[in-house]
Each structure stands twice: as C-alpha cells, then as structure tokens.
Amino acid sequence: MHKNIIWNVAFSEVDITPDFQTELIGCYRPDSRSQGVLHRLSAQVLLFENNNDFYCLTAIDSLGLTVSLSNKLRSAIAEKLNTQLSHIMLNFSHTHSAPAPLSPLNGERYFCFLMEQIMTCVEAAKQKLCPFKLSWYSRIG
C-alpha cells in the first residue's frame, strides 16, 4: 500500500549561554558560580507539521528543569504552535555546566532568557518548514 502523506519539517538552533553570572547546576566545587564561558550552550528545535498539526522536539543543553518549569516551557511552545501539549517533548543533554534555573543567583532571570531564546528558535523553525520525503524498504522472507 502506497500512501502520500505530506509532512513538513524544519530544524533550528539557538545559543542559550547567558551573558551574566549564574550558579551552575551539578557543579561540585566550593563556589558553583560561573566564571566565564569555555563551551557555549545551545537549544535545538526539530519541528514537524502535518495538516496544521505540529509536533516539536526541543533539545536543551541543561541538566534539566523541574516538572513545573518544564510544563511552563512546553505550554508556551504549544500555545505558539497552536497544538496540543502532548505534542511537545523536551530533551536535556544532562550537562553539569548549565545555569541552575531555581538558583537565587539569577535563576529566574536565566529561565526567562531560556524561554525567550527557545521561543525565538521555535519561530525560526516554523518559518523554515518545508516538505520532506521518508521511505524505507522491508524485505520479508
């Protein structure tokens, strides 16, 4: 059976390295504050669309977010794409060199910055959507 299902796909990436000092999550030294930038942090968006129904995978250089913060980010993405929350997936690189979003030292500021950057990335991906083909061959027997 041959079906032609039209899907559009796009990829976008954005820098999420703060330009202000933060406490690093998972950092095991007496002073866990950032001391400069050795490697930049990024977030990537892989966006799929079919019949105005969007599915979004967002990869983030971070140890992770709380369920509450994750849901806030997922909800914002779902609203921007006018899609269901269940169509939004977050994936974290599990780096121990990312800002701690709950830290009293600019944690809230960093989370707001992260949200803005990711929303910009989602919009960039949406603007780049284009058709793609997927096929595979299976030989049985």
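Computed from the coordinates by the stated procedures, all read-outs in this text should not be read as laboratory data. Values in this document were obtained by computation on a predicted structure and should not be read as measured data. When we count neighbours, we look across all protein chains shown, and the Cβ atoms used for this are built from the backbone with ideal geometry, even at glycine.
When region 100-141 is filtered for residues that are touching a residue at least 24 places away in the same chain (Cβ under 8 Å) and charged (D, E, K, R), the ones remaining, listed by number, are Arg109, Glu123, Lys126, Lys128.
A Cβ distance below 6 Å, combined with a sequence gap of six or more or placement on separate chains, defines the contacts here; from region 35-60, residues that are acidic (Asp, Glu) reach residues that are assigned to a strand (DSSP E or B) in the pairs Glu49/Asn8. Kindly indicate whether Thr83 is surrounded by fewer than 19 Cβ atoms within 10 Å (Cβ to Cβ), of a type outside the set (A, V, I, L, M, F, W, C), in contact (Cβ under 8 Å) with a residue 12 or more places away in the chain and assigned to a helix (DSSP H, G or I). Taking the combined requirement at face value, the residue does not satisfy it. Residue count for region 27-48 satisfying the condition of being among the small types (Gly, Ala, Ser) and closer than 17 Å to Asn91 by Cα: 2. Kindly provide the set of residues from region 5-36 that are assigned to a loop (DSSP other than H, G, I, E, B), among the aromatic types (Phe, Trp, Tyr) and out of contact with any helix residue (DSSP H, G or I) (no Cβ under 8 Å at 6 or more places or on another chain), ordered by number. Tyr28, the sole residue that qualifies. The set of residues in region 28-60 being surrounded by 11 or more Cβ atoms within 10 Å (Cβ to Cβ), of a type in the set (Gly, Ala, Ser) and more than 21 Å from the chain's Cα centre (by Cα) consists of Ser32, Ser34. Output the residues belonging to region 86-124 that are farther than 30 Å from Leu38 by Cβ, surrounded by fewer than 16 Cβ atoms within 10 Å (Cβ to Cβ) and of a type in the set (Val, Ile, Thr). Listed by number, the list is empty, since nothing qualifies. I'd like the full set of residues that are hydrophobic (A, V, I, L, M, F, W, C) and either more than 21 Å from Thr17 (Cβ to Cβ) or not in a helix (DSSP H, G or I) (or both), limited to region 62-76. Within region 62-76, Leu63, Leu65, Val67 qualify.
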